[in-house]
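The values are calculated or read from the model by the stated rules, or taken from the named source; none is laboratory data. Owing to the predicted nature of the structure, the values given are computational and were not obtained by experimental measurement. Please note: Cβ atoms are built from the backbone with ideal geometry, for glycine as well, and neighbour counts cover all protein chains shown.
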Amino acid sequence: MAKSKNISDFVIERDQNRCIKCHACVRVCANDVHFKDDATSEVASDDSKCVGCHFCEDLCPTGALVIRKNPSETRENAHWKKEYIYRIVRQAETGGIVLTGMGCDRPYKNYFDHILLNAAQVTNPSIDPLREPMELKTFIGRKIDAVNLDDLNWKTTSIDEIMSGLLELEVPIMFSAMSFGSISLNACKAIAEAAKLCGTYWNTGEGGLHQSLYPYADRAIVQIASGRFGVSSEYLSRAAAVEIKIGQGAKPGIGGHLPGEKVSQEISLTRMIPQGSDAISPAPHHDIYSIEDLRQLIFAIKETVDYKKPVGVKIAAVHNVAPIASGIVRAGADFITIDGVRGGTGAAPVVIRDNVGIPIEIAIAVVDQRLRDEGIRNQISIVAAGGFRTSSDIIKAITLGADAVYIGTSALIALGCHVCQKCYTGKCNWGIATQDPYLTRRLNPEIGTKRLCNLLRAWSLEMKEMLGGMGINAIESLRGNREQLRGIDLSEIELKILGIKHAGESW
Amino acid sequence: MEYEQLKLIEKSVKIPSGCGVAGIVNKNANRFSGEMIVSSICMMKDRGNGLGAGYAGYGIYPEFSDKWCLHVMYDKTGEKEKVEEFLEARFNIVEQEPIPVRKVKSLSFIPVLHRYFLDIKNKFSDNLTSEEDFILETVMKINRNFDGACVFSSGKNMGIFKGVGHPDEIAEFYNIHNYKGYTWIAHNRFPTNTVGWWGGAHPFGILDWACVHNGEISSYGINRRYLENAGYYCTFYTDTEVITYLFDLLCRRHKLNFEMCSYVLASPFWEEIERETDVKKKKLMKFLRIIYASAMLNGPFAIIVANSSVLIGMNDRLKLRPLVAASKDDFVFVASEESAIRKICPHPERVWMPEAGKPIIVHLQENKNYGEIKKYK
């Protein structure tokens, strides 16, 4: 193929004085950026192939490599920005949809950055989490509105029935749906084990449950997506909970496609499809064209698991998210997962990822309020997903009304990801979003587990500090407690939608 | 500042306040003069700053013990007629009169204070699931819809008396020593703001619940949203209001007993629940904490809550505010400070500090002298 008319995104600066010509970069790069120049026997690079994942830079023993943004400048144009010009060029060359990975990278207003937390001063004391208990324990699932003492039968126990349908989280952070296929088995193992060790849950995505992950199945939320890959009654019975995936924040309304070349023997066994065949998830579930169909699927699953496990529904945060959520509660779901516009993906058309959906902050606020207005908030747990970068994002999400959050991208970053957005190529140098055995063995699942546990521990500590600072010692007293939030630099309508006051307004 | 402005502030913002609280109960439901509680609360003058004090007494209207008694304050001319028209449509007004008061020089902005003894009209009472819910709805309607009116007491055979002033001034104003009751609670307020609205003083009451509270509820935001779901509208923006409504919701509507109610409001820590050896109790504690997560009160508080059959003293989960209790003969005393108890009972048989989150619950015996004690259990 002719050389692309696009100039490369990155330039590779190699300090030839430092380079010892060990050729490690040549060997490791899955994108074949580096090569040995036979004529000069120097190591050289093809900038145009570089995705900016920084693996070689990280690996280079002498620090000879620096990856930089290409300083080459086109004439500045506020409308015809570089990325649009490049995209057109690529499409003119290929005639295809431009794909991307990870979450939306557009600079839409990030409401987390416009919300401030409260702290206790004088009239109530702040609480020191190092000296006093500080509780993050959270329960996900359907709860009842009131305890009816007359109905409480301690032996056959309606209490047990209700409690058995709840997930018990030591920290209100779960690992988001990432399938074996979109990420490597080593990455899945690291995540699954971390969930088990930290007392939280991980999500299989729609990739099925690989045999080697069975030991972590009691901490798994298994997904049923439109492709129904890997779904069997055993799959459901091993899991802790079931999630019906209707949509994903990165690609609302769009299906999925795992190309046949990635469907290895292991993936084929796990997804229960022939080796080498494309795994195509249709855009809708073809047995769910309306809310009553959803109800039927929910109850079909509940029958299968004998009403002992929570069944949730995952949707993308879209304009009508509040009424849809209300419908999902009434359809019988025990938890609802809402994935915001910044939610990640292994592969999605860039126009969809960047232009469809609404921010998770807003979705949480409107769904929580709507369910309260209808008096059904207690019947369901809200799990929020989509771009949580720090523990304060999570605290803000919970204060807006979420019960717990899913983290995907931040978990992958803990495993080495540098957010180069090339997951869809299957050439992840960090061994995460790839099935190439040469690459996947770079990710040591034990080290990965340790790093994920560290992340959850660190975030828990930070969350406890923030809670204690507000004079609150249990996360449930913060959930939906929007009095603890203030907006900054937000318009009246934004404040109204978020249900918070502006900074400067007292109680 | 103008009175209207002051009222506006009090009604529209949440004002944190430190306070002193006191309660006395006679377990045999023998009535005694309000003088005792006045003397007790006045011992803790430092805990208030003259911006609010009040009393609630039980058994004070024996001659009307089966009538609903509404204490209403009016601070706008013309509002009284409108409210009375509203009441007449729903109730037979058995008796009504201005609440007897004395002139106290230091008090200002005094509203018109009136009390009504009521029977629910037949056409309503026939279709009611409970009289209490009807009264609750009536009170909510008046407080939300009539701008210049505020119902500050709405029980049977009990009454709340409160205003802006020091506790001795308020006691003198209402002639508290002339009333005889078997349970008394009192409040002395230290708001961190200038307020002048009489409705903002405490105790806070709904039906025959009365509550005094020292502290700040950091979970207020979620407690309030939870209550709104259950039909309670917080019109006063005070922590005490949400506490009172939570007691009504949990104990009366959901029929939890007081111990269970304490597991909800000052939930035991998960560690404590884990350590509990009684399997049934452990299960119940966990269950209540999960189901009523949004009703948990977080932040520092010491509260005294009463109704016609019980008096409860309770602290937050860490005991961040003082509360001490004492007993002698058939009396139980609860107060912010021991001095307030020693003042009226110099030699109690027992003095103790209630543990964090563990309530003192004093149940009353029935006493024929003043009528039946209503049981919420």
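Which one of the conditions (1) closer than 30 Å to A:Arg486 by Cα; (2) out of contact with any Phe, Trp or Tyr (no Cβ under 7 Å at 6 or more places or on another chain); (3) not in a helix (DSSP H, G or I) does A:Cys428 fail to meet, given that it meets all the rest?
(1)
May I ask you to verify whether A:Ser237 is more than 27 Å from A:Gly332 (Cα to Cα) and touching a residue at least 12 places away in the same chain (Cβ under 8 Å)? Quick ask: steps written out before the conclusion?
Values: more than 27 Å from A:Gly332 (Cα to Cα): no; touching a residue at least 12 places away in the same chain (Cβ under 8 Å): yes.
When the stated conditions are applied, A:Ser237 does not pass them.
Across the stretch A:357-387, which residue is farthest from the other protein chains (Cβ to nearest Cβ) among those that are touching a strand residue (DSSP E or B) at 6+ places or on another chain (Cβ under 6 Å), closer than 20 Å to A:Thr409 by Cβ and touching a residue at least 60 places away in the same chain (Cβ under 8 Å)?
Ranking the qualifying residues of the stretch A:357-387, first place goes to A:Gly357.
Taking the conditions exactly as written (more than 14 Å from chain B (Cβ to nearest Cβ) and either part of a strand (DSSP E or B) or in contact with a His (Cβ under 6 Å, 6 or more places away or on another chain) (or both)), does A:Ile67 satisfy them or not?
Here the answer is yes, as A:Ile67 does meet what is asked.
Give the stretch A:246-268 a look and list any residue that's assigned to a loop (DSSP other than H, G, I, E, B) and either loosely packed, with under 15 Cβ neighbours inside 10 Å or of a type outside the set (S, T, N, Q) (or both), or say none.
Step one: of the stretch A:246-268, the residues assigned to a loop (DSSP other than H, G, I, E, B) are A:246-255, A:259, A:263-264.
Scanning the stretch A:246-268 gives A:Ile246, A:Gly247, A:Gly249, A:Ala250, A:Lys251, A:Pro252, A:Gly253, A:Ile254, A:Gly255, A:Pro259, A:Val263.
Which of the residues that make up the stretch B:234-244 are touching a Leu at 6+ places or on another chain (Cβ under 8 Å) and part of a loop (DSSP other than H, G, I, E, B)?
B:Cys234
Got a number for residues in the stretch A:478-501 being within 14 Å of another protein chain (Cβ to nearest Cβ) and in contact with a Leu (Cβ under 8 Å, 6 or more places away or on another chain)?
Residues flagged as within 14 Å of another protein chain (Cβ to nearest Cβ) and in contact with a Leu (Cβ under 8 Å, 6 or more places away or on another chain) within the stretch A:478-501 amount to 10.
Do you know which of the residues in the stretch B:168-187 that are closer than 20 Å to B:Cys150 by Cα and not in a helix (DSSP H, G or I) is nearest to the other protein chains (Cβ to nearest Cβ)?
Applying the filter and picking the extreme gives B:His187.
Could you go through the stretch A:79-92 and let me know if any residue there is exposed (fewer than 11 other Cβ atoms within 10 Å of the Cβ) and assigned to a helix (DSSP H, G or I).
yes
Look at A:Thr390 and say whether it is surrounded by fewer than 18 Cβ atoms within 10 Å (Cβ to Cβ) and either of a type outside the set (Lys, Arg) or within 30 Å of A:Asp334 (Cα to Cα) (or both).
Yes, satisfied.
Considering only residues that are within 14 Å of another protein chain (Cβ to nearest Cβ), buried (at least 21 other Cβ atoms within 10 Å of the Cβ) and assigned to a helix (DSSP H, G or I), which ones fall in the stretch A:160-195?
none
For A:Lys309, are the conditions met, namely being assigned by TED's automatic domain parsing to the domain that holds A:Arg142, in contact with a strand residue (DSSP E or B) (Cβ under 6 Å, 6 or more places away or on another chain) and touching a residue at least 24 places away in the same chain (Cβ under 8 Å)?
Here the answer is yes, as A:Lys309 does meet what is asked.
Restricting attention to the stretch B:245-265, report how many residues are of a type in the set (D, E, K, R), in contact with a Leu (Cβ under 7 Å, 6 or more places away or on another chain) and within 8 Å of chain A (Cβ to nearest Cβ).
Summing the residues that are of a type in the set (D, E, K, R), in contact with a Leu (Cβ under 7 Å, 6 or more places away or on another chain) and within 8 Å of chain A (Cβ to nearest Cβ) in the stretch B:245-265 gives 1.
Please tell me if A:Arg441 is within 14 Å of chain B (Cβ to nearest Cβ), among the basic types (Lys, Arg) and surrounded by fewer than 21 Cβ atoms within 10 Å (Cβ to Cβ).
Numbers: within 14 Å of chain B (Cβ to nearest Cβ): no; among the basic types (Lys, Arg): yes; surrounded by fewer than 21 Cβ atoms within 10 Å (Cβ to Cβ): yes.
When the stated conditions are applied, A:Arg441 does not pass them.
Conditions: (1) under 25 Å from A:Ile162 (Cα atoms); (2) among the aliphatic types (A, V, I, L, M); (3) in a helix (DSSP H, G or I). A:Ile315 meets all but one. Number of the miss?
Against the list (1) under 25 Å from A:Ile162 (Cα atoms); (2) among the aliphatic types (A, V, I, L, M); (3) in a helix (DSSP H, G or I), A:Ile315 comes up short only on (3).
Looking for something part of a helix (DSSP H, G or I) and in contact (Cβ under 8 Å) with a residue 12 or more places away in the chain - is there at least one such residue anywhere in the stretch A:342-350?
Yes, some residue in the stretch A:342-350 is part of a helix (DSSP H, G or I) and in contact (Cβ under 8 Å) with a residue 12 or more places away in the chain.
Any chance you could count how many residues in the stretch B:284-311 are away from chain A (no Cβ under 14 Å) and closer than 21 Å to B:Pro354 by Cα?
Qualifying residue count for the region: 8.
For residues that are aliphatic (A, V, I, L, M) and under 14 Å from A:Glu135 (Cβ atoms), scanning just the stretch B:271-296, find the one that is surrounded by the fewest Cβ atoms within 10 Å (Cβ to Cβ).
Checked the stretch B:271-296; the qualifying residue surrounded by the fewest Cβ atoms within 10 Å (Cβ to Cβ) is B:Ile273.
Of the conditions (1) at pLDDT 95 or above; (2) crowded, with 24+ Cβ neighbours inside 10 Å; (3) of a type outside the set (Ser, Thr, Tyr), A:Gln369 fails just one. Which one is it?
(2)
Is it the case, given these coordinates, that B:Ile222 is of a type outside the set (Gly, Ala, Ser), part of a loop (DSSP other than H, G, I, E, B) and crowded, with 24+ Cβ neighbours inside 10 Å?
no
What are the residues in the stretch B:87-130 that are among the basic types (Lys, Arg), over 23 Å from B:Tyr179 (Cβ atoms) and either at pLDDT 90 or above or crowded, with 18+ Cβ neighbours inside 10 Å (or both), if any?
B:Arg90
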